[in-house]
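**Student:** Pasting a structure here, questions to come.
The values are calculated or read from the model by the stated rules, or taken from the named source; none is laboratory data. Being a predicted model, the structure only gives us computed values, none of them experimental. Every residue, glycine as well, gets a Cβ built from its backbone with ideal geometry; the counts of neighbours run over all protein chains shown.
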There are 2 protein chains.
Amino acid sequence: MSLVLTILGCHSATPRVNAHPTSQYLEINNRHFLIDCGEGTQRQMRKHKVGFSKINHIFISHLHGDHFFGLIGLISTFGILNREKELHIYGPKGLREVTRLQLKVSKSYSKFDIIYHELTSKESELIFEDDKVSVTTIPLNHRVYTNGFLFREKEKLKKLNIENVQQYPEIETCDYHHIKAGKDITLESGEVIKNEELTLAPSKPKSYAFCSDTSYKEDIVPIIKEVDLLYHEATFLSDREDLAKKTKHSTAKQAALIASQAAVKQLIIGHYSSRYTNIDLFKKEASEIFSNVILAEEGKKVSL
Amino acid sequence: MSLVLTILGCHSATPRVNAHPTSQYLEINNRHFLIDCGEGTQRQMRKHKVGFSKINHIFISHLHGDHFFGLIGLISTFGILNREKELHIYGPKGLREVTRLQLKVSKSYSKFDIIYHELTSKESELIFEDDKVSVTTIPLNHRVYTNGFLFREKEKLKKLNIENVQQYPEIETCDYHHIKAGKDITLESGEVIKNEELTLAPSKPKSYAFCSDTSYKEDIVPIIKEVDLLYHEATFLSDREDLAKKTKHSTAKQAALIASQAAVKQLIIGHYSSRYTNIDLFKKEASEIFSNVILAEEGKKVSL
């Protein structure tokens, strides 16, 4: 699998015994990202076997407590575990000041550097890129400055058509990475073997869009168009659309409308208000608009 | 019971699935106190049925993360639950600044006032007192400024000797509080009934001393002399006394030595290092010095 999303917490507001606030762990093209970090996230990481040492990049959507109060504890634990690798944190302005003050009062001086990427733009922007993955922001509309994040795999290398390659004993394994990169091969005889004969098309790059928290906001549709997986918050059902509007959250129906307009392949919803005891109702409501809906649940993995 | 201690978390350093950092809930003479507040404390409060609305006073021993990273989440939850009563927080200087900054960046404006009692003294001092209970600090020796807390019931009213009282039908229930307060009763005939005849001695006021984190520190002995219950940290066993010294923690043996010298009635130990998988060894080591030892365990209640 080139993309695996693990739900660590998917409930709104306050942590309860079996209902943790937002946090997700995303493995995409061999990169490992933590998205949001409500109180108790490090406990949830242990519970669901997320390796602490894999996390080098943490993305924080906004500075409401249920999305970042677990960050300082996680950073502190990295220090206790003698981390040395630098840690990148992407989130709204203010995150650096609040984190540094907590480290200062607790006299937590760690061996690793924290590199803060504080976000202030109201436009979608590229905030991370390497040879495997890019991450861009999705400006959302909430009571405080909030971004979602769009994770995209880069174009992949072609796959070897190993059956065809083995027709030419002269081609060695050390040639394979040239072939995957699209090169033709010239044999000693001078014969040129076209790359098309030796390769298969690469798998299509996968994409994941994380959108929490936000009111219904149609202008994110072009940004998240046709992603493979969309997480969209659904704090309320339509019976409390008034409250969703007032608190700048979405209903399950609104999440589904966004998924439908963006023609995404799959929708996962979460951030359920504690007023609802039966979360199946969220799926029922969303499914009336968009067919491929799954519910976020703690410990659930979605693999693409 | 006039004193009930509930252990919410009793492990050191980082939260794990079934090992939460320090937090305790103390009911004493109808007062309700939270002592320390590591990450996940509010979840532990829910798990162990501690009513959020009962907490008006929170005592923080020191500003290491495993003793206060859960505080901001708890305060935030109080706001979400529409708390209106003022909240008193006692702890080292710095706590106010760090808490207020977090509330500011998360735009959490609550209806209730937070009154900070920031501690800086290196001497034992009275920090809370009402008609039922007093709380004084116990200066400890740790890597950062740290206090333990001594909770003492006030002298109680005498108990009615109801059998004797009922010998005098003239005495009415509205006289009872005068009798409990020590007054004699004069009957209509002029006969004076001495208070001693109508009362029994009050139960002895209970006391609880909380000492975490600290190196072995004999000069706390006079402060905690003969308390009914002493919690003393025991992070290590004697096999790592060197490490205890270096990190300014105590061994189980050292905790027991303090309990013995102070002639306390009962010792409860906790704050176990994660390097030990069998915590019974802590009890074994302490019991060689002091007989009445119990182990802190999550959810355990100690009633006096």
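**Student:** Name the residue that is nearest to B:I60 (Cα to Cα), counting only residues in region A:106-120 that are in contact with a strand residue (DSSP E or B) (Cβ under 7 Å, 6 or more places away or on another chain) and among the β-branched types (V, I, T).
**Tutor:** Out of the qualifying residues, it is A:I114.
**Student:** Is there a residue being in contact (Cβ under 8 Å) with a residue 40 or more places away in the chain and touching a strand residue (DSSP E or B) at 6+ places or on another chain (Cβ under 7 Å) anywhere in region A:178-199?
**Tutor:** To start, the set of residues in region A:178-199 that are in contact (Cβ under 8 Å) with a residue 40 or more places away in the chain comprises A:199.
Then keep just the ones that are touching a strand residue (DSSP E or B) at 6+ places or on another chain (Cβ under 7 Å); that gives A:199.
Yes, region A:178-199 contains at least one residue that is in contact (Cβ under 8 Å) with a residue 40 or more places away in the chain and touching a strand residue (DSSP E or B) at 6+ places or on another chain (Cβ under 7 Å).
**Student:** Let me spell it out: the conditions are (1) free of Cβ contacts under 8 Å to residues at least 60 places away in the same chain; (2) among the polar types (S, T, N, Q); (3) within 30 Å of B:T214 (Cβ to Cβ); (4) more than 8 Å from every other protein chain (Cβ to nearest Cβ), and B:S124 meets all of them except one. Which number is the exception?
**Tutor:** Result: B:S124 fails condition (1) only.
**Student:** Which members of region B:123-155 meet the condition of being aliphatic (A, V, I, L, M) and part of a strand (DSSP E or B)?
**Tutor:** B:L126, B:I127, B:V133, B:V135, B:I138, B:L150
**Student:** Could you check region B:277-304 and list, in sequence order, the residues that are in contact (Cβ under 8 Å) with a residue 40 or more places away in the chain and more than 19 Å from the chain's Cα centre (by Cα)?
**Tutor:** Of everything in region B:277-304, those that are in contact (Cβ under 8 Å) with a residue 40 or more places away in the chain and more than 19 Å from the chain's Cα centre (by Cα) turn out to be B:L281, B:F282, B:E285, B:A286.
**Student:** So, one more: Among B:V165, B:V98, which is the only one that is of a type in the set (V, I, T), surrounded by 14 or more Cβ atoms within 10 Å (Cβ to Cβ) and not assigned by TED's automatic domain parsing to the domain that holds B:K194? Give the steps one after another, and end with the answer.
**Tutor:** On the way: B:V165 fails: not assigned by TED's automatic domain parsing to the domain that holds B:K194.
Checking each option against the conditions leaves just B:V98.
**Student:** Of the residues in region A:208-234, how many are among the aromatic types (F, W, Y), in contact with a Lys or Arg (Cβ under 9 Å, 6 or more places away or on another chain) and within 19 Å of A:K253 (Cβ to Cβ)?
**Tutor:** Residues in region A:208-234 being among the aromatic types (F, W, Y), in contact with a Lys or Arg (Cβ under 9 Å, 6 or more places away or on another chain) and within 19 Å of A:K253 (Cβ to Cβ): 1 in total.
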